[in-house]
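S.K.: Just dropping this structure here.
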Amino acid sequence: MKTSPLQQARYQYTPKLPGMLRHGIDEICVKEGKETESVADQAKIKALFPNTYGKKEITFVKGKNNNPKKKEVVGVILSGGQAPGGHNVISGLYDALKKANKDNVLIGFKNGPSGLTSDDYLVFDDEYINAYRNTGGFDIIGSGRTKLETEEQFKVAVEVCKKHGITAIVIIGGDDSNTNAAVLAEYFAAHKAGVSVIGCPKTIDGDLKNDDIECSFGFDTATKTYSELIGNIERDANSAKKYWHFIKVMGRSASHVALECALETQPNICLISEEVAAKKMSLSEIANYIADSVEARANNGMNFGVAIIPEGVVEFVPEFRVLIDEINELLAGSKAEEFNKLSSWNEKYAFIEKGLTKESMAVFALLPQGIQQQLFLERDPHGNVQVSLIESEKLFSALVKDVLEERRKKGTYKGKFSALHHFFGYEGRCAFPSNFDADYCYSLGYNAAMLIQNGFNGYLSKVSNLSKPAEEWVAGGMPITKMMNIERRHGEDKPVIRKALVELDGKPFKYFEAHRKEWAKETAYTYPGAIQYYGPREVCDLTTRTLALEKE
């Protein structure tokens, strides 16, 4: 297979481990911390996880490792969406297993959790692993979104593990995937299957974080990739001086990506979904907020700008959320068939107008026709609106254009407004991992092997103190149940890992809040440039602005 010069060079990169994991495996032992409890709903979570709840957090320290030597056969699964660094988690896991015992075996289950239940796998060897070191993507074994949640699936998993002599499963994924890991760990423990389960925290959205998990892997690379692109657009905007660029970025449930990109590039506008929800902002208020920046800049002769929009922001607008709920109700059951039989948009519009409340119809009427039609064309398997498909960058630019036209009629706005639209999503999910993510991911995998070797089950591989150089990172583990609470999902109470939203009283948001008025009016753009892999450490090993501010 032909490879690029960069890929050849990255194969040779040696990831940096936390100082403690650089010792020989026989010289690393466990220091126990306090017993844990879930973040909420403690009694319910404990009842659901009687065998894995309340375990102690642990840290690896220097000392005699007295664990009996035994052969480990470990299965690994990539679960959910891609994130840069997944290959290095597997590389670190493989290297640690082989360092502990050359007879240890690592099996990769293909295409996500379904690979385990269908027994679709490959056995890793040096040649295969070496072709993926320090590279982006999940193509080493593929990924998938199958949930492990039924008794039948668990029974099959036990049989597959028995067939291969598997002693541990490592699940690399986000909040849903690690919820699956916790449930599977509990099942294995309850049925004395002799198989432990370890999770690794992955998501470019950045919403798998808490006091213990400082950063999910992939967030650093993805936001650096998006920030490079946004910086390039800012430079172009400042050169051409005639376009407003509306840029949608990943982040349906939380705005960590948008906030990090704003901290990196200092755009004129960045919406934060959590703030929109807290302030109960309407579509009209958001449109006027952006229009204020457009007008202020136009008054200074700058008919250009950049606005960052999180992909899920419309779901945080209270009036829009009500509209979506009413549309879902409007098209429930046989009504959907009746609606779909209508041949023209005018007929459909009349149907909608009759079925919505006056308040929601007023919101619907605000929307550009293209967005109105999007709300009715695409449905999910449950018959609901697929909000993630709404082109929110086009929605807000259209609303802003309408506001500016009204201001023009009143004589308060005399500038020019021409909008261009972008969505940055897939561009960041499989990029070559930054040095930070290459090091962090390799450490997570290596650390997962240490947790397996020490007999832990239902734990998340944890590497912390990440704002410091790698030699100062701290390796250990935490029970996955510590992150869990009960949420209503599809009409049922389910144990899930709580998503981490942007904290409006946190240092990253406070820094953004303190500077955004200046950025809205001035051209204060910063241009991060491409990810750097070779050169000064302060450039190549730079962490995210979010993490740096949180740890100040």
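S.K.: I'm trying to understand the selection: among the residues of region 26-40, which are farther than 11 Å from residue 481 by Cα and among the acidic types (Asp, Glu)?
M.R.: 26, 27, 32, 35
S.K.: Limited to region 107-118, what total is found for residues that are open to solvent by less than 40 Å² (accessible area, probe 1.4 Å) and in contact with a Phe, Trp or Tyr (Cβ under 8 Å, 6 or more places away or on another chain)?
M.R.: 5
S.K.: I'm told residue 180 meets every condition in (1) in contact with a Leu (Cβ under 6 Å, 6 or more places away or on another chain); (2) open to solvent by 60 Å² or more (accessible area, probe 1.4 Å); (3) of a type in the set (S, T, N, Q) except one. Can you identify the failing condition by its number?
M.R.: Here residue 180 clears every test but (2).
S.K.: Follow-up. When residue 511 is evaluated against the numbered criteria (1) open to solvent by 40 Å² or more (accessible area, probe 1.4 Å); (2) touching a helix residue (DSSP H, G or I) at 6+ places or on another chain (Cβ under 8 Å); (3) not in a helix (DSSP H, G or I), which criterion, by number, is the only one it fails?
M.R.: (3)
S.K.: Looking at region 265-284 only, could you name the residues that are farther than 28 Å from residue 405 by Cβ and either buried (at least 24 other Cβ atoms within 10 Å of the Cβ) or touching a Lys or Arg at 6+ places or on another chain (Cβ under 6 Å) (or both)?
M.R.: 265
S.K.: Give the residues of region 83-117 that are in a loop (DSSP other than H, G, I, E, B), within 22 Å of the chain's Cα centre (by Cα) and at negative phi, sorted by residue number.
M.R.: 83, 84, 110, 113, listed by residue number.
S.K.: Can you tell me which of 416, 409, 401 is open to solvent by 70 Å² or more (accessible area, probe 1.4 Å) and in a loop (DSSP other than H, G, I, E, B)?
M.R.: Result of the check over 416, 409, 401: 416.
S.K.: Could you check region 240-259 and list, in sequence order, the residues that are part of a helix (DSSP H, G or I) and aliphatic (A, V, I, L, M)?
M.R.: Scanning region 240-259 gives 240, 257, 258, 259.
S.K.: I'd like to verify a number: residues in region 20-72 that are part of a strand (DSSP E or B) and of a type in the set (Gly, Ala, Ser), how many?
M.R.: 1
S.K.: Continuing with this model, one more query. Is it fair to say residue 290 is part of a loop (DSSP other than H, G, I, E, B), of a type in the set (Val, Ile, Thr) and farther than 19 Å from residue 510 by Cβ?
M.R.: Judged against the criteria, residue 290 is not a match.
S.K.: What do you reckon, is residue 287 within 30 Å of residue 264 (Cβ to Cβ) and touching a helix residue (DSSP H, G or I) at 6+ places or on another chain (Cβ under 6 Å)?
M.R.: yes
S.K.: Which one of 336, 237, 262, 296 is assigned to a helix (DSSP H, G or I), at negative phi, among the aliphatic types (A, V, I, L, M) and without any contact (Cβ under 8 Å) to a residue 60 or more places away in the chain?
M.R.: The conditions single out 336.
S.K.: So residue 356 clears everything in (1) open to solvent by less than 50 Å² (accessible area, probe 1.4 Å); (2) farther than 15 Å from residue 330 by Cβ; (3) out of contact with any strand residue (DSSP E or B) (no Cβ under 6 Å at 6 or more places or on another chain) except one condition, right? Which one?
M.R.: Checking residue 356 against (1) open to solvent by less than 50 Å² (accessible area, probe 1.4 Å); (2) farther than 15 Å from residue 330 by Cβ; (3) out of contact with any strand residue (DSSP E or B) (no Cβ under 6 Å at 6 or more places or on another chain), the one that fails is (2).
S.K.: When you scan region 341-352, do you find a residue that is assigned to a loop (DSSP other than H, G, I, E, B), in contact (Cβ under 8 Å) with a residue 12 or more places away in the chain and exposed (fewer than 13 other Cβ atoms within 10 Å of the Cβ), even just one?
M.R.: no
S.K.: Exactly one of (1) open to solvent by 30 Å² or more (accessible area, probe 1.4 Å); (2) in contact with a helix residue (DSSP H, G or I) (Cβ under 7 Å, 6 or more places away or on another chain) is unmet by residue 148. Its number?
M.R.: (1)
S.K.: Let me ask something additional. Which residues, taken from region 43-79, are within 26 Å of residue 117 (Cβ to Cβ), in contact with a Gly (Cβ under 7 Å, 6 or more places away or on another chain) and open to solvent by 10 Å² or more (accessible area, probe 1.4 Å)?
M.R.: Hit for region 43-79 is 73, nothing else.
S.K.: Take residue 487 and decide whether it is at pLDDT below 95 and either of a type in the set (Val, Ile, Thr) or in contact with an Asp or Glu (Cβ under 9 Å, 6 or more places away or on another chain) (or both).
M.R.: yes
To keep it simple, each residue is scored yes or no on (1) in a helix (DSSP H, G or I); (2) in contact (Cβ under 8 Å) with a residue 24 or more places away in the chain; (3) crowded, with 24+ Cβ neighbours inside 10 Å.
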| position | (1), (2), (3) |
| --- | --- |
| 122 | no, no, no |
| 152 | yes, no, no |
| 156 | yes, yes, no |
| 159 | yes, no, no |
| 187 | yes, yes, no |
| 208 | no, yes, yes |
| 215 | no, yes, yes |
| 222 | yes, yes, yes |
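S.K.: With (1) modelled with pLDDT of 95 or more; (2) within 25 Å of the chain's Cα centre (by Cα); (3) loosely packed, with under 14 Cβ neighbours inside 10 Å; (4) at negative phi as the list, and residue 527 as the residue in question, which single condition is left unmet?
M.R.: Going through the list (1) modelled with pLDDT of 95 or more; (2) within 25 Å of the chain's Cα centre (by Cα); (3) loosely packed, with under 14 Cβ neighbours inside 10 Å; (4) at negative phi, residue 527 breaks only (3).
S.K.: If I ask for residues that are surrounded by fewer than 24 Cβ atoms within 10 Å (Cβ to Cβ) and at pLDDT below 95, which ones from region 236-253 would you list?
M.R.: Listed by number, the residues that qualify are 252, 253.
The values are calculated or read from the model by the stated rules, or taken from the named source; none is laboratory data. Remember, it's a predicted structure, so these values are computed and weren't measured experimentally. Because the Cβ atoms are built from the backbone with ideal geometry, glycine has one as well, and the counts that use them run over all protein chains shown. Ligands, DNA and RNA are stripped out before the accessible areas are found, and what is left, the full protein with its side chains, is counted by its heavy atoms. Shrake-Rupley method; radii C 1.70, N 1.55, O 1.52, S 1.80 Å.
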